[in-house]
Amino acid sequence: MARYTGPVCKLCRREGEKLFLKGTKCFANKCPFERKSYIPGQHGKSRRFKLSEYGIQLREKQKLRRIYGLLEKQFRIYFEKSEKEKGITGENLLKMLERRLDNVVFRLGLASTRSAGRQLVRHRHITVNGRLVDIPSFLVSPGDVVKVRDKSKRMDFIHDSLKRVREGKLVPWLELDKATLSGHFMEMPNRQDIPVNVNESLIVELYSK
């Protein structure tokens, strides 16, 4: 599966805000966005223009796509699936993205970033309901238990990430057991509980043209 392999800090600069794609580095003084918050490129500092309605919608879509680390084709497939479900399309889209296994691993604190969560899944360190799953796009359902496999529980990478997880700081639909390195996906998330700074209605408008 193709994926973006370039410098992720440039993605934050392009969207004009931190997307928190580098974990703890995003909170440090050395974060490139703090030093170069302008658009990347030779003329980034001097580029000053007003976005059109289409441009605003496009930037919102690009921002959400980059937060979850998806390519355009993947993102479009999620949108088309969310259109077919009952409810509000934009909210359906966010809920589906939150159900991705790599995102759930990240939300539980087992990985410091979504890309790190994707790596854990790809390298066969994660099980769902006792079954090994190595597909990052696997959709977790209410009642599922996501757990670090026994052979991987001593990984410093996971324990270092868990040290940054404070009690009560998880999203409401997840429950973490640090002792067993497992998490319970309790229920489908509500839009107000999804901590992603995007206006999903603009994305729906963009794809509806």
Seminar exercise, completed: Treating every alpha carbon of region 100-187 as one equal point scatterer without solvent, the Debye formula yields log10 I(q)/I(0) values at q = 0.19 Å⁻¹ of -0.74
Exercise. In what sequence do PHE79, PHE157 fall when counting other Cβ within 10 Å, fewest first?
Worked result: PHE157, PHE79
Seminar exercise, completed: Counted neighbours (other Cβ, 10 Å), sorted fewest up, put SER115, SER201 in the order SER201, SER115
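Trypsin sites (Lys or Arg not before Pro), restricted to region 131-197: which are DSSP loop and have at most 15 other Cβ atoms within 10 Å?
Filter output for region 131-197: ARG149, LYS153, ARG154, LYS163, ARG164, ARG166, LYS169, LYS178.
Name the GluC sites (Glu not before Pro) in region 43-115 that are in a loop by DSSP and that have at most 12 other C-beta atoms within 10 Å, would you?
none
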Problem set entry | Proxy reagent accessibility, fewest Cβ within 10 Å first, across MET188, MET155 | MET188, MET155
Seminar exercise, completed: Contact order relative to length for region 100-187, counting C-alpha pairs under 8 Å separated by 6 or more residues, stands in percent at 31
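Since every read-out is calculated from the coordinates, none of them should be taken as a lab result. A quick note: this is a predicted structure, and the numbers were derived from the prediction, not measured. So basically every Cβ, Gly included, is an ideal-geometry build from the backbone, and we count neighbours across all protein chains shown.
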